[in-house]
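Notes follow the structure.
The values are calculated or read from the model by the stated rules, or taken from the named source; none is laboratory data. Since the model is a prediction, treat every value here as computed from it, not as a measurement. Using ideal geometry, Cβ is built from the backbone for each residue, glycine included, and neighbour counts are taken over all protein chains shown. Just the protein is used for accessible areas: all its heavy atoms, side chains included, with ligands, DNA and RNA removed. Shrake-Rupley method; radii C 1.70, N 1.55, O 1.52, S 1.80 Å.
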Amino acid sequence: MTYSIVGRDAETGELGVAVQSRAFNTGAVVPWAAPGVGAVATQSYTETSYGPLGLDLLRAGRSPDEALAELVAADDDSAYRQVALLDAQGRVAVHVGEACIPAAGFAAGDGFSAQANMVDSERVWEAMAEAFERSDEPLAERLLSALDAAEAAGGDWRGRQAGGIVVVGSDGRPWEREVDLRVDDHPDPLGELRRLLRLRRAYQAMRDPPGPTADHLEALPELDRRWAAIYGATASGRLEEARELFRPLLAEEPRWGDFVRTLADRGLLPNAAELLDG
């Protein structure tokens, strides 16, 4: 009922999962990932526990093959499941139960696995694998490109409704995620996921040097474009320019002053205390 891909970026060590389906809310149950541990896609009459339990087993030192075998053996309905596990070394294990609705299958390679069920044909998972292998984009965009290829190859033969993407770093605390986006009900889930990812990149750029590009600014809502200009001018010490940009906002809503004081108190914006002077 779904197609998904788990993948690892060999250069950064990032791990990720992306999924699209005709099933509502699929982004909440299919993708699982933990920094420095692994990634799991659990689908086809989804048993959600494969996600957290699979990550626990990888964290405990099991290989993907060992972890998946243990989970499948404990599942009375394993014939209906389709699951892929990827570890931090790029090793992959995949289970496709014999009762999965056809077309059902997968294509795995170095540091990834693309899997699908209830899709138009085997070209769906083949196209995902081909797109992932030839892409040199950052991992999140690379995963979405694979989903685009799956959709172009026929996708879920019932249509489309929902999707999601999760990307985690090569290390970090269990709850930390670099990308965590989902679309629960939309006529174009992949298009909406790309829009949200572009917006995510723009907000990240507002906080990190060298700051947002023109493309980032175009993705932002109008209020955030104004704040991006204020942040940039304030952080770089162009305080008179920053004050000129800030004054109209402060006149419209004086409580913006409290926001700036908080930024200054927490050290989140260089020169923020001076923004309210003059």
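Remarks
- Counting the residues of the stretch 213-234 that are exposed (fewer than 15 other Cβ atoms within 10 Å of the Cβ), closer than 22 Å to Pro248 by Cα and of a type in the set (A, V, I, L, M) gives 1.
- For Pro52, the criteria (1) over 21 Å from the mean Cα position of the chain (by Cα); (2) more than 21 Å from Ala146 (Cα to Cα); (3) free of Cβ contacts under 8 Å to residues at least 40 places away in the same chain hold in every case but one, which is (1).
- Residues located in the stretch 196-212, provided they are assigned to a loop (DSSP other than H, G, I, E, B) and open to solvent by less than 70 Å² (accessible area, probe 1.4 Å): Gly211, Pro212
- Unique match (being in contact with an Asp or Glu (Cβ under 9 Å, 6 or more places away or on another chain), within 26 Å of Val119 (Cβ to Cβ) and in a helix (DSSP H, G or I)) among Gly7, Gly16, Gly27: Gly27
- For the stretch 162-195, taking the residues that are more than 22 Å from Ala10 (Cα to Cα) and acidic (Asp, Glu), the one that is most open to solvent (accessible area, probe 1.4 Å) is identified as Asp185.
- The stretch 235-245 - residue that is open to solvent by 60 Å² or more (accessible area, probe 1.4 Å) and of a type outside the set (Asp, Glu) and, of those, nearest to Gly211 (Cα to Cα): Ser236
- Residues in the stretch 1-35 that are open to solvent by less than 30 Å² (accessible area, probe 1.4 Å), β-branched (Val, Ile, Thr) and over 13 Å from the mean Cα position of the chain (by Cα): 2 in all.
- Residue ID - farthest from Gly105 (Cα to Cα), chosen from residues in the stretch 150-189 that are free of Cβ contacts under 8 Å to residues at least 40 places away in the same chain and charged (D, E, K, R): Asp180
- Complete set of residues in the stretch 246-278 that are closer than 15 Å to Ala228 by Cα and open to solvent by 70 Å² or more (accessible area, probe 1.4 Å): Arg247, Phe259, Leu268, Pro270
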